[in-house]
Ligand SMILES: CC(C)(COP(=O)(O)OP(=O)(O)OC[C@H]1O[C@@H](n2cnc3c(N)ncnc32)[C@H](O)[C@@H]1OP(=O)(O)O)[C@@H](O)C(=O)NCCC(=O)NCCS
């Protein structure tokens, strides 16, 4: 670990390669398979200011350590946007040094500044590492998730 300060900032074009490396590890963590063209599209949407998808990254020195990818959307119970934190990941070698906490804190600061009404996310019940972190911010509620693929 270097003595460079941890920085949280918006993702930018030059992050493409580093983000992709982290993204592939994240997908592997979930034992998932995401087609390359979907990942390409996700990255394009992250960079597109018109898209509701955006990402912030954690950086130390010249290294990208992690990311939070979010989708901002409308909601029926509020008039201001709600932010869904869809993907959160910190590189294995950088874990335990506060990057995950800093990403969520930065997101909450942005939500406050922008007047969003809520930030929310899901995690697997047994993901205790992530849940230890999340429990610092909020108490998990009792909703369960239903998912259907139409095809
Ligand atoms: C979850 C994750 C993002 C946390 O990132 P991180 O940078 O390591 O987290 P931080 O260093 O900010 O840790 C903050 C807290 O998380 C918890 N935590 C972190 N690493 C932990 C570990 N190995 N075991 C148990 N709790 C841990 C602790 O409560 C810690 O607080 P502490 O430092 O005061 O003990 C990271 O572990 C990760 O990417 N995991 C794989 C992907 C994943 O699970 N993503 C979330 C999907 S919803």
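Quick note: the coordinates plus some simple rules give every number you see, no bench work behind them. Every value quoted in this text rests on a predicted model; they were computed, and no experiment measured them. Virtual Cβ from ideal backbone geometry, glycine too; neighbours counted across all protein chains shown.
Can you sort 79, 105, 42 from fewest to most other Cβ atoms within 10 Å of each residue's own Cβ?
With the sparsest Cβ surroundings first, the list reads 79, 105, 42.
Which ordering of 142, 135, 15 is given by a fewest-first count of other beta-carbon atoms within 10 Å? Provide the component values of the computation, followed by the final result.
Details: 142 4, 135 11, 15 20.
Lowest to highest Cβ neighbour count: 142, 135, 15.
For residue 74 paired with residue 144, estimate the spin-label separation in nm (one decimal), with each label point 7 Å from Cα along the Cα-to-Cβ line.
Simple spin-label model gives 3.1 nm for this pair.
Just to compare against my own numbers: the Cα pair-distance distribution for the chain, 5 Å bins, whole % per bin, please.
Distribution as computed: 2, 8, 17, 22, 22, 17, 10, 2, 1, 0, 0 percent.
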